[in-house]
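Participant: Submitted below is the structure of interest, expressed as structure tokens.
The values are calculated or read from the model by the stated rules, or taken from the named source; none is laboratory data. What you see is a predicted model, and the numbers here were worked out from it, not measured in a lab. We place every Cβ from the backbone using ideal geometry, glycine too, and count neighbours over all the protein chains shown.
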Amino acid sequence: MLNSPKLYRSIPTPSEQRFATFRKLSAALALFFFLALIYGSMVPLTPRQLSWDQAVAKFGKLPWLQLGVYHRADWVANILVVLPAGWFAAAAVDLGRRSRGPLLWAIPLIVGLLSATVILIEFCQVWFPPRTQSKNDIAAGLLGALAGPMLWLLCGRAVFTILDSIRHTRLTQIRVLWAVVAYAILNLIYAVLPLDVMVDPAEWSSKLSAGRLILWPTASLDIDSNLVRGLLLAGLRTSIVAFAISLYRGPLWGLMLGTGFALLCELVQIPIYTRTASSLDVLAGVAGACGGLLVAGQWERVNRWMRRPLSWGLLFLGLLLLINLITLGRSGQWISDPEWIQQRWASFFAWPFVKYYYTSEFAAGTNLLSKLLSFAIVGFVLKGAQRTAPARFSRSVAVVGWLSIGMVAVMLEIAQVYLPPQIPDAADVCIYIAGAMFGYGSHWMFSLDDRSVVTA
């Protein structure tokens, strides 16, 4: 029962030592996002000669750009890239403190430092074409500098407490419900990014003519790898909601809420110019919800299966194979022209992440996130294989697994040199490894080995 006293156990407070560790981690993340903001704002690192007086004169004439549908998306992206540094800087000051005094003193310093950095970045971009400069970028950056620490002040402690409770409290219906709510909110936020909301009838007409509003599939619909991938993702995201709800509230609730979630994900994308809202994705979501119900119905059997190291090992190999097929399968040719190959090898060792500049901020972020998450799942599964393996084989499983991940990461990028239109990038190898490390390290958060589950 949802009103059972068992569901409302107090969340244990981390010790001071753990709080100190979390503050150090938050400070490290704040520094990382701060440096990433500076580096990402300077790529593709093509400096030009310009005198100080010329730079000052050019900076003084920065325009206000008309916020058309594409510029609105860039404006939101400029807010979001500054926000994490402020959030984690505030966390580094506030976590574990009894008083909010230190945070209230630190917020003006954090906002001031980030604001000065935003203005300085925009000024330095004078020397780094083809960066686009505008007062809009400065305004967006200043909003991001303010939003980060203020969001932490409003809800940071609550978010941390909820996340910390995942590991250190018993699983209950109410906590699973909140986890599903958080998952759904994150998906809906992603669905409306990059927030290029249409405000003009011409923009609605343009979206419709571009085929990004599919009320019902027709014979002229192009079935390509992007469409198939989108349908698979729509089914997967809904299956997670339906599975969790069905496991704790029954299949009827799982089907209803899963279907509603699939429909809502498409409805919120209708007014977003660059997003495709499709009834096909709704149908894929309903199919995914049914799949989630099936897994929930066989959960005890699945749980027993997942306690076998062979199961994790097969899943690990299957995921690596799937990543290879999805990544390399989009190419339709193998190049053999020596000059072309030499050019692609030269670009392979370009400055890290330079190639992400030549797409929109949202496309670059989505591409980066998809690579991180795909290998995070691989790392997560590897840790599962290691934990379920006999103690004498545990280290060997980890070594073989990490060697396999490294080999696949390197071979993926080398193969893309010869497979246009793929874009090879040595820095992507680091992204793959970082994603796998994150998944490997976060396995403990979802392990049920040492926690009982309260369902009533």
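Participant: Could you tell me whether Leu29 is surrounded by 15 or more Cβ atoms within 10 Å (Cβ to Cβ), modelled with pLDDT of 85 or more and assigned to a loop (DSSP other than H, G, I, E, B)? Break it down stepwise before answering.
Facilitator: Working: surrounded by 15 or more Cβ atoms within 10 Å (Cβ to Cβ): yes; modelled with pLDDT of 85 or more: yes; assigned to a loop (DSSP other than H, G, I, E, B): no.
No; evaluated as a whole, the condition is false for this residue.
Participant: Given the conditions (1) in contact (Cβ under 8 Å) with a residue 24 or more places away in the chain; (2) within 31 Å of the chain's Cα centre (by Cα), and given that Arg97 satisfies all but one, which numbered condition is not satisfied?
Facilitator: With (1) in contact (Cβ under 8 Å) with a residue 24 or more places away in the chain; (2) within 31 Å of the chain's Cα centre (by Cα) applied to Arg97, the lone miss is (1).
Participant: Evaluate the following for Thr366: is it free of Cβ contacts under 8 Å to residues at least 60 places away in the same chain, of a type in the set (Ser, Thr, Tyr), surrounded by 15 or more Cβ atoms within 10 Å (Cβ to Cβ) and more than 30 Å from Arg307 (Cβ to Cβ)?
Facilitator: yes
Participant: How many residues are assigned to a helix (DSSP H, G or I) and closer than 19 Å to Ser239 by Cβ when one looks only at the stretch 291-310? Spell out the reasoning first.
Facilitator: Applying the first criterion (assigned to a helix (DSSP H, G or I)) to the stretch 291-310 yields 291-297, 299-305, 309-310.
Then keep just the ones that are closer than 19 Å to Ser239 by Cβ; that gives 291-297, 299-303, 305.
So the answer is 13.
Participant: Hey, does the stretch 348-361 have a residue that's over 25 Å from the mean Cα position of the chain (by Cα), in the same structural domain as Ser404 (by TED's automatic domain parsing) and surrounded by 14 or more Cβ atoms within 10 Å (Cβ to Cβ)?
Facilitator: No, there is no match, as no residue in the stretch 348-361 is over 25 Å from the mean Cα position of the chain (by Cα), in the same structural domain as Ser404 (by TED's automatic domain parsing) and surrounded by 14 or more Cβ atoms within 10 Å (Cβ to Cβ).
Participant: Then there's this: Among the numbered criteria (1) under 30 Å from Val410 (Cα atoms); (2) modelled with pLDDT of 90 or more, which one does Leu325 miss?
Facilitator: (2)
Participant: Looking at the stretch 241-276 only, could you name the residues that are in a helix (DSSP H, G or I), surrounded by fewer than 19 Cβ atoms within 10 Å (Cβ to Cβ) and within 21 Å of the chain's Cα centre (by Cα)?
Facilitator: If the condition is that a residue be in a helix (DSSP H, G or I), surrounded by fewer than 19 Cβ atoms within 10 Å (Cβ to Cβ) and within 21 Å of the chain's Cα centre (by Cα), then Leu264 is the only one that fits.
Participant: Something else now. Taking only the stretch 160-214 into account, find how many residues are outside the structural domain of Arg237 (by TED's automatic domain parsing) and at pLDDT 85 or above.
Facilitator: Number satisfying all stated conditions: 1.
Participant: Could you tell me whether Ala364 is touching a helix residue (DSSP H, G or I) at 6+ places or on another chain (Cβ under 6 Å) and at pLDDT 90 or above? Let's see the steps before the verdict.
Facilitator: On the way: touching a helix residue (DSSP H, G or I) at 6+ places or on another chain (Cβ under 6 Å): yes; at pLDDT 90 or above: no.
No, not satisfied.
Participant: Further question: Within the stretch 79-89, identify whether any single residue is free of Cβ contacts under 8 Å to residues at least 60 places away in the same chain, outside any loop (DSSP other than H, G, I, E, B) and assigned by TED's automatic domain parsing to the domain that holds Leu25, and answer yes or no.
Facilitator: Filtering the stretch 79-89 for residues free of Cβ contacts under 8 Å to residues at least 60 places away in the same chain gives none.
No, the stretch 79-89 contains no residue that is free of Cβ contacts under 8 Å to residues at least 60 places away in the same chain, outside any loop (DSSP other than H, G, I, E, B) and assigned by TED's automatic domain parsing to the domain that holds Leu25.
Participant: Inspect all residues belonging to the stretch 228-236 and state whether any of them is surrounded by 17 or more Cβ atoms within 10 Å (Cβ to Cβ) and modelled with pLDDT under 90. So that I can check it myself, show each step before the final result.
Facilitator: First, pick out the residues of the stretch 228-236 that are surrounded by 17 or more Cβ atoms within 10 Å (Cβ to Cβ): 231, 234-235.
Subset that is modelled with pLDDT under 90: 231.
Scanning the stretch 228-236 turns up at least one residue that is surrounded by 17 or more Cβ atoms within 10 Å (Cβ to Cβ) and modelled with pLDDT under 90.
Participant: Six or more apart or on different chains, Cβ under 9 Å: which pairs go from a residue in the stretch 154-166 that's free of Cβ contacts under 8 Å to residues at least 40 places away in the same chain and surrounded by 15 or more Cβ atoms within 10 Å (Cβ to Cβ) to one that's hydroxyl-bearing (Ser, Thr, Tyr) and part of a helix (DSSP H, G or I)? Could you list them?
Facilitator: none
Participant: Right, next: Hey, Trp178 hits all of (1) crowded, with 18+ Cβ neighbours inside 10 Å; (2) part of a helix (DSSP H, G or I) but one; which does it fall short on?
Facilitator: Of the numbered conditions (1) crowded, with 18+ Cβ neighbours inside 10 Å; (2) part of a helix (DSSP H, G or I), the odd one out for Trp178 is (1).
Participant: Continuing with this model, one more query. Return yes or no: is Arg98 under 19 Å from Leu143 (Cβ atoms) and basic (Lys, Arg)? Break it down stepwise before answering.
Facilitator: Values: under 19 Å from Leu143 (Cβ atoms): no; basic (Lys, Arg): yes.
Answer is no for this residue.
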